Amino acid sequence: MEPTAGAFVGREHRLPVRVYYEDTDFTGLVYHASYLRFFERGRTDALRLAGVGHADLLARADPCAFAVTRIAVDFRSAARIDEALEVHSWFEAINGPRLMIRQEITRDGVLVAAAEVEAACIRPGGGARRPPPDMREKLASYLAPTSP
């Protein structure tokens, strides 16, 4: 059985996650670094479902990968052990080598944490590069509409 990769609803990717003991501190609250892992799972599964999986990127004739270069997180409320959360991800824009992503983690529709993420498309040995045209094409329908 395959694990869930979530689903797209329009441009929004939704991924359900469960809080496990390993995600918490000694009080049963989610440890701050665990939110980063939840956000990463959301971004990775959104990219995979959009046809831009990490393994596929490295297997290309012109291999590339994404590396997070900036993340800003606002923590709004605590999540606890055994709670069901949902990671929401939106691809906002591609600017040169950068992919801008907005993310939220919610519990029963209530905001728990929000993040603004910048990921750079890079060569396997490092160094920024523009995403290949076919990758941009696959992500195009998920990007935020641009204003005129």
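The values are calculated or read from the model by the stated rules, or taken from the named source; none is laboratory data. Everything numeric in this text was worked out from a predicted model, so none of it was measured. Cβ placement follows ideal geometry from the backbone for every residue including glycine, while neighbour counts extend to all protein chains displayed. Surface areas here come from the heavy atoms of the whole protein model, side chains and all, with no ligands, DNA or RNA. Shrake-Rupley method; radii C 1.70, N 1.55, O 1.52, S 1.80 Å.
For this structure, a couple of remarks:
- Whenever a residue of region 116-127 is at pLDDT 95 or above, its partners that are of a type in the set (Phe, Trp, Tyr), lying with C-beta atoms within less than 8 angstrom and at least six residues away or across chains, give the pairs Val117/Phe39; Ala119/Phe66; Ala120/Phe66; Cys121/Phe66; Ile122/Phe66.
- One residue alone among Val87, Val117, Val112, Val52 is β-branched (Val, Ile, Thr), within 13 Å of Met135 (Cα to Cα) and open to solvent by less than 50 Å² (accessible area, probe 1.4 Å), and that residue is Val52.
- Subset of region 10-46 that is open to solvent by 10 Å² or more (accessible area, probe 1.4 Å) and hydrophobic (A, V, I, L, M, F, W, C) - its residue that is nearest to Met135 (Cα to Cα): Leu36
- Of all residues in region 39-62, those that are of a type in the set (Val, Ile, Thr) have Cβ atoms under 6 Å from Cβ atoms of residues that are open to solvent by less than 60 Å² (accessible area, probe 1.4 Å), 6 or more apart or on another chain, in Val52/Met135.
- Selection from region 120-145 of residues that are under 26 Å from Val73 (Cβ atoms) and either among the small types (Gly, Ala, Ser) or surrounded by fewer than 11 Cβ atoms within 10 Å (Cβ to Cβ) (or both): Ala120, Gly126, Ala128, Ala144, Pro145
- Among all residues of region 65-76, there is none that is open to solvent by 80 Å² or more (accessible area, probe 1.4 Å), touching a residue at least 40 places away in the same chain (Cβ under 8 Å), more than 30 Å from Gly28 (Cβ to Cβ) and in contact with a His (Cβ under 9 Å, 6 or more places away or on another chain).
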